1. In 5 Å bins starting at zero, report the fraction of Cα pairs in the stretch 49-179 per bin as a rounded %.
2. Quick one: LYS29, LYS225, fewest Cβ neighbours within 10 Å first, how do they rank?
3. What is the order of TYR74, TYR189, fewest Cβ neighbours within 10 Å to most?
4. With each pseudo-label sitting 7 Å past Cα toward Cβ, what's the ALA91-SER128 distance in nm, one decimal?
5. So if I average 1/r over every pair of distinct C-alpha atoms in the stretch 105-197 and take the inverse, what Kirkwood radius in Å does that give?
6. Alpha carbons only, please: Rg and Dmax for the stretch 84-143, in angstrom.
7. Find the centroid of the Cα atoms in the stretch 197-236 and in the stretch 68-110, then give the distance between the two in whole Å.
8. TYR129: net charge of surrounding residues, Cβ under 11 Å, Lys/Arg +1, Asp/Glu -1, itself excluded?
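Any read-out appearing in this document is the output of simple, stated calculations on the displayed coordinates, not a laboratory observation. Remember, it's a predicted structure, so these values are computed and weren't measured experimentally. Glycine gets a Cβ as well: all are built from the backbone with ideal geometry, and neighbour counts include every protein chain shown.
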Amino acid sequence: MKLKKLVAATAVAVLSVGFGAAANAALIKTDIIMIVDESGSMGNVQANLRNNIGQFASILSAGGIDARYGLVGYGSSTVAPRMLTDLTDSASFAIAAQGLLINGGTEPGYTATAFALNELDNQASLFSYRGDSVKNLIIFTDEPHNGTSLSYGTVGGVTVSYSIIDDLLTDNNALFNAVLRGTSTINSYGPLAAGHGGNVYDLNGLNTTDQQVVSDFVDDFAASKLQEILDFCTLNPNDPACQGGTVPEPTSLALLGLGMFGLAAMRRRRDEGMLQAAA
């Protein structure tokens with residue numbers, strides 16, 4: 001455990017050194033919307049997300065990321081997605097997350113993702129994305145997308161399908177990550193993550209009362225998210241969010257040694273283990 005945390009911490013430190021003074025100037029802006037399933041099995045996940053958002057945020061900040069955090073809940077007794085907070089700081093996010101519910105059973109995750117992008121027809125709540133930020137969505141769920149009622153939300157007058165949300169993510173140039181459990185859930189959201197610059201992570205890292213497991217997961221998840229944002233700007237250097245400074249070339253980052261080794265090892269563990277999340 002100590003070695004694992006040291007590697008994650010060293011990866012962040014080395015990335016920050018690679019940026020030099022520019023890192024402290026918040027090189028890249030990102031607006032992160034966390035989309036959280038409100039069904040009865042998600043209580044531990046919600047509590048651990050709320051209690052560890054500060055740890056997650058501090059790793060992004062140390063890597064030179066100016067991040068804001070918004071929160072969508074979906075699948076509660078009202079089913080339709082709802083805004084718990086607009087984009088804000090991590091402390092305000094933690095307070096807003098106390099309002100998440102665990103009384104749902106229908107989880108229209110594609111609909112909730114469209115809501116997070118401000119793309120549902122006539123949606124009442126709109127997220128205030130900065131024009132010069134990377135849009136960054138993360139869904140947390142143990143159920144595949146389900147629910148076809150028009151009352152949950154529509155795009156162009158129809159219920160939100162995989163193809164619709166795939167197109168919306170492309171149109172918004174948004175990153176998409178999925179923290180999941182179960183084969184059918186991975187099948188539902190995994191291809192979206194793979195197609196939009198993101199990854200699939202094992203929800204079991206948050207669905208536990210073992211706080212060491214949670215802390216290790218948050219360290220790994222945040223370090224991976226940091227690298228993902230840097231990769232985005234390497235691939236999209238003309239994106240407005242990437243204009244605050246010079247993003248190091250991948251070869252330069254690789255020469256930084258242990259930090260990059262730590263991230264590479266973390267990615268191997270993720271690829272080999274995270275997709276094997278238990279049902």
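1. Taking every Cα pair in the stretch 49-179, the percentages come to 2, 10, 20, 24, 21, 14, 7, 2, 0.
2. LYS29, LYS225
3. On the way: TYR74 29, TYR189 25.
Least to most surrounded, the residues fall as TYR189, TYR74.
4. 1.8
5. 13.4
6. Cα radius of gyration and Dmax of the stretch 84-143 are 12.7, 37 Å respectively.
7. 19
8. Working: positive: LYS29, ARG68, ARG130, LYS135; negative: ASP31, ASP86, ASP132.
Its environment carries a net charge of +1.
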